[in-house]
Each structure stands twice: as structure tokens, then as C-alpha cells.
Amino acid sequence: MKVIAGNWKMHMGPAEARAFLGGLNVEAVPFDRQLILFPPSLTLVSLAADPARDGRVRVGVQNIHWEDQGAFTGEVSAPMAAECGATFALIGHSERRHVFGETDEEVALKAAAARRHGLVPVICVGETLSERQAGHVDEVILRQLDAVIPELREAEHALIAYEPVWAIGTGETATPQDASAAHTTLRRRLVDALGPKKADATAILYGGSVKPGNAAELLSAPEVDGVLVGGASLDPHSFAQIAAAGA
Ligand code: 13P
């Protein structure tokens, strides 16, 4: 089973999401592919409830606050997302970390909130270009992973997304070898921390300029259990092509 996830970021209002579902040919996607869409929170409500949504398309929230409720203007909480039909929560996406200053500690608190409310956390990690050039890839991604290990121990199910910051929205893609190397580093730490059974059950997705043209080789790279797609997930045809790639 490979996971094909689309992160719509701040794109796609409810009407565009409805049109997307109308254009998504789920039948062209092999059964061993798990589909997840991460729409903006305002769109999630109607997308999750849309009768045109095939049951194979699961829905996730892009970000949650760690508190269940309170005076946090502009935020949404895990129980609200769950009530609206989300089953997954992206946590610590690089744009949250680097544009909004989210820390490893906050990422861990959000992962805890997701777990408490039955949302499967999708923990995002990844190095910047300067960190890669300085040879610090493993150090950075393991620091980010270690911050959530206590939560991963408690969580029944979780996913990791390796998204090198320099590959996001740039057209630059990590080579399948780069992706495999980082995923192997992450997998080893998961095996040490969680044991082989749980580590193997934790899918590690690659994200960063995944397109129909490069999806097959990335999906067939060792230790790559799926992809997290930004720009190319906004078009139902390219999303379906990615979802069927290499199958
Ligand atoms: P792009 O596919 O647009 O590079 O975005 C990747 C990403 O950030 C997915 O979460």
C-alpha cells in the first residue's frame, strides 16, 4: 500500500474542491493506493461531507492548535477537525515551521492533540538548503523526529513526511537516492525507538516537487512509502496520474 497525499495549502475554496472531486477519476487509481487530501480548513467541512467524494479519498486538516478550545483567534482545534470529518492532521509542515515559526516543542504538542482526538498525525520533517549544504541533513531530521518520538510511542498510527525545504515549490526534486537515504535514516530511528513492527507500520512519505513525470521513480525508491504532493495535487488529472504512477 502506497499513500498518495495532496496538500492543497491555501488553495481551493469549496466550489473548486467540488469541481476537483468531479474531475478525479478514482477508478484509474489502483486499489493499493491510499488517497488523502488536505484542503484548507474552510473547505474541509464541505469536502468531507460531499456525496461525490469516493470513500477511498480520506480527508485531513493542514494544521491544528494544541489546545482543544480557547482564546486563540484564527486557530482550529483537533476535536473540531475530527468533528468535521478529518481523519489525518498534517503537523509541522515546513511552511508552518519556517513561515510561521513553529517550534519542535509546538509540533510535539500538536501531535499529542491529534492523538487525543483520534486524528492520525502526519509529522513533517526536512532540512533547508543551507543545512543540506553544511552536511546536517541527518542531524536536522532526527532532531525534528526525536521531538515527537514520545507521541509516536503513544499513537496507534502515524505517518512521517520527509520534505526537504529546498525542494518544496521550487521544481527541484530530491533524487530517489537522496529520498531513500533520508528515509532510511528516519526508519532506523523509528526501529530503535518504537521497535521494528511499529516502525514498519509507520509510512514515510516523500514531498517536494512531486509531479506525474517523477512520481513513479520516487514511489519505487527503497523506503519511500508514498508521496505528499503540493502544486500537482491541485489538478485532479495530475493527482490521479501521480496516484497511479508506477503501479
Ligand atoms: P510542492 O509539491 O508544490 O513542491 O509542495 C510540496 C509540499 O509542501 C507538500 O506538503
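Which condition number in (1) away from the ligand (no atom under 14 Å from the Cβ); (2) at positive phi; (3) in contact with a Pro (Cβ under 9 Å, 6 or more places away or on another chain) is the one that GLY126 fails?
Failed condition: (1).
Would you mind telling me which numbered condition in (1) surrounded by fewer than 18 Cβ atoms within 10 Å (Cβ to Cβ); (2) within 22 Å of MET1 (Cα to Cα); (3) touching a residue at least 12 places away in the same chain (Cβ under 8 Å); (4) of a type in the set (A, V, I, L, M, F, W, C) VAL210 fails?
Status for VAL210: all satisfied but (1).
When only residues in the stretch 113-141 that are closer than 23 Å to ASP192 by Cβ and surrounded by fewer than 18 Cβ atoms within 10 Å (Cβ to Cβ) count, which is farthest from the chain's Cα centre (by Cα)?
Once the filter is applied, the top-ranked residue is GLY135.
Please determine, by comparing only the residues of the stretch 45-95 that are within 16 Å of the ligand (Cβ to nearest atom) and assigned to a helix (DSSP H, G or I), which one is farthest from ALA161 (Cα to Cα).
That would be GLU95.
Which residues, counting only those in the stretch 1-24, are surrounded by 13 or more Cβ atoms within 10 Å (Cβ to Cβ) and either farther than 12 Å from LEU47 by Cα or touching a Gly at 6+ places or on another chain (Cβ under 6 Å) (or both)?
Passing the criteria: LYS2, VAL3, ILE4, ALA5, GLY6, ASN7, TRP8, LYS9, HIS11, LEU24.
Please tell me if ALA201 is of a type in the set (A, V, I, L, M, F, W, C) and either within 16 Å of the chain's Cα centre (by Cα) or near the ligand (Cβ under 9 Å from one of its atoms) (or both).
So ALA201 passes the test.
Out of the residues in the stretch 165-181 that are surrounded by 13 or more Cβ atoms within 10 Å (Cβ to Cβ) and touching a helix residue (DSSP H, G or I) at 6+ places or on another chain (Cβ under 7 Å), which is farthest from GLU95 (Cα to Cα)?
PRO176
Residues being at pLDDT 95 or above and more than 20 Å from ARG53 (Cα to Cα): count how many of those fall in the stretch 210-247.
Counting residues in the stretch 210-247 that are at pLDDT 95 or above and more than 20 Å from ARG53 (Cα to Cα) gives 20.
Which residue pairs have Cβ atoms closer than 7 Å, lie 6 or more positions apart in sequence or on different chains, and pair a first residue in the stretch 228-241 that is among the small types (Gly, Ala, Ser) with a second residue that is more than 7 Å from the ligand (Cβ to nearest atom) and outside any loop (DSSP other than H, G, I, E, B)?
Within 7 Å, the pairs are ALA232/SER238; ALA232/PHE239; ALA232/ILE242; SER233/GLY6; SER233/PHE239; ALA240/ALA28.
For the stretch 162-247, list the helices (runs of 4 or more DSSP H) that sit wholly inside it and hold at least 3 residues that are within 19 Å of GLU131 (Cα to Cα); which are they?
The qualifying helices (runs of 4 or more DSSP H) are 176-194.
Tell me, please, whether a residue that is of a type in the set (Asp, Glu) and surrounded by 13 or more Cβ atoms within 10 Å (Cβ to Cβ) can be found in the stretch 28-40.
no
So, in the stretch 213-245, exactly how many residues are buried (at least 18 other Cβ atoms within 10 Å of the Cβ), within 15 Å of the ligand (Cβ to nearest atom) and aliphatic (A, V, I, L, M)?
Adding up the residues that qualify gives 11.
The values are calculated or read from the model by the stated rules, or taken from the named source; none is laboratory data. In this text the structure is predicted, and so the values were computed from the model without any measurement. A quick note on method: Cβ atoms are made from the backbone with ideal geometry, for glycine too, and the neighbour counts reach across all protein chains shown.
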